[in-house]
1. GluC sites (Glu not before Pro) within the stretch 38-108: which are DSSP loop residues with at most 13 other Cβ atoms inside 10 Å?
2. Among all the aspartates and glutamates, which ones have a C-alpha under 12 Å from Lys63's C-alpha, if same-chain residues fewer than 8 places away are not counted?
3. Find how much the distance from Ile7 to Glu130 grows on full extension, using 0.36 nm per residue of separation minus their present alpha carbon separation; answer in nm with one decimal.
4. Averaged per residue, what accessible surface does the chain expose to a 1.4 Å probe, in Å²?
5. Which percent, to the nearest 5, of DSSP beta bridges fully inside the chain are antiparallel?
6. Please report the antiparallel percentage of the DSSP beta bridges confined to the stretch 96-152, to the nearest 5.
7. Of the heavy-atom accessible surface of the chain (probe 1.4 angstrom), what whole percent is carbon and sulfur?
8. Apply the Karplus curve 6.51 cos²θ - 1.76 cosθ + 1.60, θ = phi - 60°, to the phi angles in the stretch 100-113 and return the couplings in whole Hz, x for Gly and Pro.
Amino acid sequence: MIRRDKINYYLDIAETVSERGTCLRRNYGAIIVKNDEIVSTGYSGSPRGRANCCDTGVCIRSKLGIPRGERYELCRSVHAEANCIISASREEMLGGTIYLCGKDAVTGEIIANANSCSMCKRLIINAGLERVIIRCTHDEYRVIDVQEWIDNDESLDGVMGY
């Protein structure tokens, strides 16, 4: 018997969580793990009580031709990382790891170069999470030390003084 390594085990769970996503473009699943215990899960979808894109059949960002990574404020969905974070207390998350898997909603393929958006990065930082592990393929992943996002603040790129 070949036993699945622990990181891919958790990424497999995040991938399964992504199957609840309601986006017509990309679906993400996230889980937070601390002390080898799952703290919370989250997937991309509309806020509770609002119509999901998969139900309306319309993705406004696709309709407007907005490329990936831009104009998230127009999107109906709450991101998987955000849903995962709001489902846990900060104490449960401090020092923990968030596992993330994204899949193309049309092809079902894993998004190899997935990353958290700038808003989710800020949430992850403030939640006190230490690592982000993102699935690249069924067996490959990348590990991000959240301190790198703090030290390399992309929100300051090109910003001049007041």
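1. Details: sites: Glu70, Glu73, Glu81, Glu91, Glu92; in loops: Glu70.
Listed in order of number, the matching sites are Glu70.
2. List returned: none.
3. Values: separation 123, 0.36 × 123 = 44.28 nm, distance 1.49 nm.
Taking Ile7 through Glu130 to full extension adds about 42.8 nm, to one decimal.
4. Values: 9600 Å² over 162 residues.
So the chain comes to 59 Å² accessible per residue, rounded to a whole number.
5. Values: 21 of 25 bridges.
Taking every DSSP beta bridge with both residues in the chain, the antiparallel ones total about 85 percent.
6. Details: 6 of 10 bridges.
Expressed as a percentage, antiparallel bridges in the stretch 96-152 total about 60.
7. The value for the chain is 50 percent carbon and sulfur by accessible area.
8. So the J values, rounded to whole Hz, are 9, 9, x, 10, 5, 5, 8, 8, x, 6, 5, 7, 5, 10.
The values are calculated or read from the model by the stated rules, or taken from the named source; none is laboratory data. This is a predicted model, so every value here is computed, not measured. Every residue, glycine as well, gets a Cβ built from its backbone with ideal geometry; the counts of neighbours run over all protein chains shown. Just so you know, the surface numbers come from the protein's heavy atoms only, side chains and all, with ligands and any DNA or RNA stripped out. Shrake-Rupley method; radii C 1.70, N 1.55, O 1.52, S 1.80 Å.
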